[in-house]
Amino acid sequence: MKEKIIQTYDNNHIFYKHKHFNNKKPTLVFIHGLSGNHTIWNNVVQFFHERKYSTIAIDLYGHGKSSTVKQKARYKLEHFAKDVDCILKKEKISNPIFVGHCLGGMVALVYEALFPKKIKGLVLIGATPANFVKYQHSLMRFVPSFLYKLATTMIGYATTPFSRKKKPYIDFSKLHKHNAFTIVYHDLRTTSLTAYAYTILAMLNYNMKEYLSVINKPTLVIIGEDDKVLHKKSAFDLHSGIKGSQLHIMKKTDHLIPMRKPKELARIIKKWLSMIEKRT
């Protein structure tokens, strides 16, 4: 895959990797979750390269090798979606299917709302249709959202003087056997607290529930059977809200599906893609 950096509409920089095959297959656009980077998809991407699918894997704004600055408003999911659109325009991608994990799934849904004629399909993995706090598996879902918003805003402001500090870049695909606490530790090592806090704030303000019924694209919703971050209701609400969508509950895996079971995930997506391709 070729490493690339694009200058966005507001003069920031977004890092991504792109591999192109000259065929009529759709281009798979992979979008990682909160505080990760594109490496979470490494094994999934390799599976699709072996089957001659073009791919794009992105480091979202504030994550990985992409720009990180202190403006709170820049972390809105609408801006993340516009960053992705800049990449698709540059690469002249006309047939994208978005594959998003958690935050990445939210960005995919926001992109669908902003650019409904551009996207060809959606794979939503461990994502939610609205504020993720309400779908948390733990009792934390009963904590009022304004307390989360207050806390994340305060952390964002307090850490902005350090937001430009260079962070290590970790290959998350190699952490597939690590427990959740170790992965959170690496999350905080690789992503500035400013980006972490302001991205969470944007996720708290996210709500696509009313838009779901408008979506008429092929959609696959996936959640782990043992997800301890999100309740399965998040997947059920997406599935019931998006007409004609498919729901798959992956056995014996948690929230970090792209890391834990990349090959199984890839096979599930490939089976779904094959059904779509037969229709066209």
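Laid out as a table, the results:
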read-out: GNM top mover of F98, F172, F21 - the chain, alpha-carbon springs below 10 Å; value: F21
read-out: Relative compactness, the stretch 174-227, computed as alpha-carbon Rg over 2.2 N^0.38 Å; value: 1.59
read-out: Cα-derived Rg to Rh of the stretch 205-280, Kirkwood definition; value: 0.99
read-out: Gaussian network model of the chain, springs between alpha carbon atoms under 10 Å - residue of Y16, Y148, Y61 with greatest fluctuation; value: Y148
read-out: Mean ellipticity per residue at 222 nm, deg cm²/dmol - from DSSP H runs of n ≥ 4 across the chain, formula -39500 (n - 2.57); value: -11500 deg cm²/dmol
read-out: Positive minus negative residues near I93 (Lys, Arg vs Asp, Glu; Cβ under 11 Å); value: +3
read-out: Highest average packing first - 25-33, 240-248, 182-190, Cβ atoms within 10 Å; value: 25-33, 240-248, 182-190
read-out: Additional length obtainable on full extension of the chain from V143 to K228, 0.36 nm per residue less Cα span; value: 28.9 nm
read-out: Charge tally in the Cβ shell below 14 Å around N23, where Lys, Arg are +1 and Asp, Glu are -1, N23 excluded; value: +3
read-out: Computed magnitude of the charge dipole of the chain (debye, nearest 20; Cβ of K, R +1, Cβ of D, E -1); value: 620 debye
read-out: Rel. contact order, % - alpha carbon contacts under 8 angstrom, at least six apart, the chain; value: 20 percent
read-out: For the stretch 92-104, 3J(HN,Hα) per residue [Karplus equation, 6.51 cos²θ - 1.76 cosθ + 1.60, θ = phi - 60°, Hz, x = Gly/Pro]; value: 6, 8, 10, 9, x, 10, 8, 10, x, 9, 6, 3, x
read-out: Positive-pole candidate from I6, N23, V45, dipole of the stretch 1-45, charges at beta carbon; value: N23
read-out: Isotropic mean projected area of the C-alpha convex hull, the chain (nm²); value: 13.4 nm²
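Throughout, read-outs are computed from the coordinates displayed, never taken from laboratory work. Quantities reported herein were computed from a predicted structural model and do not represent experimental measurements. Note that we place each Cβ from the backbone using ideal geometry, even for glycine, and neighbour counts take in every protein chain shown.
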